[in-house]
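S.K.: For reference, the structure I am asking about is given below.
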Amino acid sequence: MAREGSFMDRGLFFVISDFFNTFGSAAATARAVEAGRKPRRSDLKKLGIDPTAFDRIGRF
């Protein structure tokens, strides 16, 4: 059974890449919400947000 390693076990480039991917998803989600559009499911999942729960959020 393979052990899932920490970020540092995977290497510096993985950590940097994962950071930029997460930041990109956050920026894309923020732009979509500000424009009144629905964010991509993959971006929401990357941020740990359940897309079906996000769909139930109403406007204020």
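S.K.: Does Ser25 count as among the polar types (S, T, N, Q), at pLDDT below 95 and surrounded by 12 or more Cβ atoms within 10 Å (Cβ to Cβ)?
M.R.: no
S.K.: Let me ask another. Return a yes/no flag: does the range 37-56 have any residue that is at pLDDT below 90, on the phi < 0 side of the Ramachandran plot and more than 13 Å from the chain's Cα centre (by Cα).
M.R.: no
S.K.: For the range 42-60, give me the residue count where each residue is more than 19 Å from Asp18 (Cβ to Cβ) and either assigned to a helix (DSSP H, G or I) or not small (Gly, Ala, Ser) (or both).
M.R.: Total satisfying the criteria: 10.
S.K.: Hey, another quick one. Could you tell me whether Phe13 is of a type in the set (Phe, Trp, Tyr) and either at pLDDT 95 or above or in a loop (DSSP other than H, G, I, E, B) (or both)?
M.R.: no
The values are calculated or read from the model by the stated rules, or taken from the named source; none is laboratory data. For clarity, every value in this text was computed on a predicted model and none was experimentally measured. Quick reminder, even Gly has a Cβ in these numbers, built from the backbone with ideal geometry, and neighbours come from all protein chains shown.
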